[in-house]
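A.B. asks: Okay, here's the structure, questions in a sec.
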Amino acid sequence: MEATETRTEPFVINLGPHHPSTHGVFRMRVTFDGEVVVDVEPMFGYLHRGIEKLAEGRTYTQIIPLTDRLDYLASMTNNWGYVMAVEKLAGVPVPERAEYLRVIVGEMMRISSHLLATGFLINELGAFFTPLMYMYREREKILDLFDMLCGQRLTYNYMRVGGVSHDPPPEFWPAVKRFVREMPGYIDEYEGLVTTNEIVLARTKDVGVLSKELAINASASGPFLRATGVDWDLRRDDTYSIYDRFKFDIPVGTNGDVFDRYMCRIQEMRQCCRIIEQALQQIPRGEFRARLPHLVRPPAGEVYGHIEAPRGELGFYLVSDNSIAPYRFHVRPSTMINLTTLRDLTIGWKLADLIVIFGSIDVVLGEIDR
Amino acid sequence: MTVALVGTGVAEAVSKSIPGSILASDEKTVVVSADKLYPAAEFLKTSEFAFDYLANLTSADYLDYFEVVYHLVSLKKNHSLVLKTRIYGREAPAVASVVPLWRGAELQEREVFDLMGISFEGHPNLKRILLWDGFPGHPLRRDYL
């Protein structure tokens with residue numbers, strides 16, 4: 001008897017733009033052979049608001065709220081990257097106290113952002129929402145602290161050119177001290193529930209492996225780059241603000257798989273707590289904002305300022321023509337550039353793995369589409 | 001701390017290897033002519049400068065010419081450089097794609113193509129990225145609005 005041959009035809013599925021696992025309005029046009037991914041084409045633009053063009057018609061201070069709406073899960077670091085670029089361009093000095101406040105809120109933002117990244121990753125692994133709620137619990141505390149600072153929970157508009165908008169109220173300090181004291185215990189709790197879980201290990205180890213060479217060549221950044229074993233963190237390697245005053249380690253992975261990305265984020269949160277603790281001890285009294293004219297008017301020229309945002313290198317390229325609005329405003333979107341290698345990571349894996357690999361890159365569409 | 005290389009020094013080395021490629025150079029930047037961009041970029045990647053990481057790629061419109069800006073970093077040597085090229089003419093501006101050198105340029109060049117209307121020759125998949133096909137014009141040009 002002749003053996004019957006089963007043949008499959010490739011078929012195309014549009015994942016998104018309204019698929020719950022795409023973290024926003026991201027669309028992937030995926031070609032499958034059975035359940036196996038043959039081709040992936042990412043499609044962007046569903047959240048495009050033209051922020052780069054809008055910025056050309058606003059003053060330098062009016063742009064700060066626009067940057068809140070880039071990576072809306074890490075608005076503080078967006079603010080920071082932008083005001084730092086403007087300060088570099090205009091040569092504005094920043095008071096010590098403001099630098100410390102920026103480091104404290106920046107690192108809290110990193111914890112909050114990594115909490116959601118790991119929470120949603122576990123969600124996509126099939127642990128439906130329970131672990132995510134554990135992480136939301138701590139994120140809420142951070143958002144409450146930010147609420148004390150600036151009255152906002154998501155779009156902070158907290159940083160200003162030459163400082164920050166408000167000095168923290170007295171009740172902020174005991175609350176942030178308590179948070180930093182408690183946070184490592186919560187991270188232990190997540191690790192106990194997730195890190196050694198057999199199903200998590202089976203689903204994430206050696207899945208979606210990115211090589212060191214490709215990661216560098218494709219301009220990957222953030223935990224996505226460090227998980228491959230590249231020891232590169234702008235906080236240390238291109239020190240900005242006052243990061244040279246703190247002792248902290250940079251967690252680096254070995255394999256570049258989904259598990260390493262998860263571990264990098266978990267360990268980074270511990271380092272964030274270390275940095276905040278040291279900053280709380282060292283913070284001086286004094287001015288929280290430099291005295292500047294109402295309208296910032298940088299000299300003609302250009303600048304590229306970059307910081308280590310939670311999701312990678314966030315850069316701002318500004319060209320000034322000595323007017324009150326920038327001549328050109330460009331954002332280097334860390335997560336969009338991380339998606340360059342999406343095709344390489346996912347081809348050959350099954351649909352369920354595609355979701356997990358995509359989740360481990362940790363994208364935010366506000367920043368990709370701008 | 002990443003050391004920003006002095007543009008004039010790098011420009012000297014580039015022009016020694018690729019004669020006639022330098023348009024201008026100053027403290028921070030090196031400007032190469034559009035037709036020599038690819039060999040100049042290849043030289044910067046493979047020579048002792050070892051620029052293995054393309055941090056950022058963008059463009060600006062100065063009405064007389066378009067400028068494409070490459071922010072290069074060497075992770076090995078921890079130094080950086082701003083490489084630029086100028087493209088004259090507003091009808092069909094084009095420059096060589098650097099995707100064969102740095103994959104990281106893939107989506108960024110598509111973005112410049114979409115919003116600034118500069119074509120990148122040799123790009124594997126050059127089409128609009130943020131706006132839809134058939135969108136009239138390129139919004140980031142200064143004469144758009």
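A.B. asks: Determine whether the range A:239-248 contains at least one residue that is more than 22 Å from B:V99 (Cα to Cα), touching a strand residue (DSSP E or B) at 6+ places or on another chain (Cβ under 8 Å) and within 11 Å of chain B (Cβ to nearest Cβ).
C.D. replies: yes
A.B. asks: Hey, can you tell me all the residues within the range B:44-67 that are farther than 23 Å from B:S15 by Cα, at the interface with chain A (Cβ under 8 Å from one of its Cβ atoms) and of a type in the set (A, V, I, L, M)?
C.D. replies: Hits for the range B:44-67 are B:A55, B:A60.
A.B. asks: Select, from A:Y327, A:Y304, A:Y317, the only residue that is among the aromatic types (F, W, Y) and surrounded by fewer than 20 Cβ atoms within 10 Å (Cβ to Cβ).
C.D. replies: Selected residue: A:Y327, the only one of A:Y327, A:Y304, A:Y317 that is among the aromatic types (F, W, Y) and surrounded by fewer than 20 Cβ atoms within 10 Å (Cβ to Cβ).
A.B. asks: Restricting attention to the range B:68-83, does a residue exist that is surrounded by 20 or more Cβ atoms within 10 Å (Cβ to Cβ), within 11 Å of another protein chain (Cβ to nearest Cβ) and among the polar types (S, T, N, Q)?
C.D. replies: yes
A.B. asks: Then there's this: Of the conditions (1) modelled with pLDDT of 90 or more; (2) within 14 Å of chain B (Cβ to nearest Cβ), A:P223 satisfies every one except a single condition; which number is it?
C.D. replies: (2)
A.B. asks: Within the range A:309-325, can you find the residues that are within 25 Å of the chain's Cα centre (by Cα) and more than 19 Å from A:G366 (Cβ to Cβ)?
C.D. replies: Selection gives A:L318, A:V319.
A.B. asks: Please verify whether the range A:104-122 includes one or more residues that are within 16 Å of A:G366 (Cα to Cα) and either in contact with a strand residue (DSSP E or B) (Cβ under 9 Å, 6 or more places away or on another chain) or of a type in the set (S, T, N, Q) (or both).
C.D. replies: Scanning the range A:104-122 turns up at least one residue that is within 16 Å of A:G366 (Cα to Cα) and either in contact with a strand residue (DSSP E or B) (Cβ under 9 Å, 6 or more places away or on another chain) or of a type in the set (S, T, N, Q) (or both).
A.B. asks: Would you point out which residue out of B:L145, B:L115 is among the aliphatic types (A, V, I, L, M) and either crowded, with 21+ Cβ neighbours inside 10 Å or at pLDDT 90 or above (or both)?
C.D. replies: The conditions single out B:L115.
A.B. asks: Report the residue count in the range A:91-145 for those that are of a type outside the set (V, I, T), in contact with an Asp or Glu (Cβ under 7 Å, 6 or more places away or on another chain) and not in a helix (DSSP H, G or I).
C.D. replies: Residues meeting the conditions: 1.
A.B. asks: Moving to a separate point now. Mind listing whichever residues of the range A:154-194 are touching a residue at least 60 places away in the same chain (Cβ under 8 Å), of a type in the set (D, E) and part of a loop (DSSP other than H, G, I, E, B)?
C.D. replies: Of everything in the range A:154-194, just one residue is touching a residue at least 60 places away in the same chain (Cβ under 8 Å), of a type in the set (D, E) and part of a loop (DSSP other than H, G, I, E, B), namely A:D167.
A.B. asks: Would you check which residues across the range A:52-91 are small (G, A, S) and buried (at least 22 other Cβ atoms within 10 Å of the Cβ) and list them?
C.D. replies: A:A55, A:A74, A:S75, A:G81, A:A85
A.B. asks: Could you tell me whether any residue of the range A:275-289 is without any contact (Cβ under 8 Å) to a residue 40 or more places away in the chain, in a helix (DSSP H, G or I) and under 27 Å from A:S165 (Cβ atoms)?
C.D. replies: Yes, the range A:275-289 contains a residue that is without any contact (Cβ under 8 Å) to a residue 40 or more places away in the chain, in a helix (DSSP H, G or I) and under 27 Å from A:S165 (Cβ atoms).
A.B. asks: Look at the range A:10-64 and say how many of its residues are free of Cβ contacts under 8 Å to residues at least 12 places away in the same chain and over 26 Å from B:L140 (Cβ atoms). It would help to see each step written out before you state the result.
C.D. replies: If we filter the range A:10-64 for residues that are free of Cβ contacts under 8 Å to residues at least 12 places away in the same chain, which is where we start, we get A:18-20, A:53, A:62.
Retained after the next criterion (residues that are over 26 Å from B:L140 (Cβ atoms)): A:18-20.
Residues in the range A:10-64 being free of Cβ contacts under 8 Å to residues at least 12 places away in the same chain and over 26 Å from B:L140 (Cβ atoms): 3 in total.
A.B. asks: Of everything in the range A:303-347, what is more than 12 Å from chain B (Cβ to nearest Cβ) and among the hydroxyl-bearing types (S, T, Y)? Give them in sequence order.
C.D. replies: A:S323, A:T346 - these are the residues of the range A:303-347 that are more than 12 Å from chain B (Cβ to nearest Cβ) and among the hydroxyl-bearing types (S, T, Y).
The values are calculated or read from the model by the stated rules, or taken from the named source; none is laboratory data. Worth saying up front: this structure is predicted, and the values here are computed from it rather than measured. Ideal geometry is used to build each Cβ from the backbone, glycine not excepted, and the neighbour counts take in all protein chains shown.
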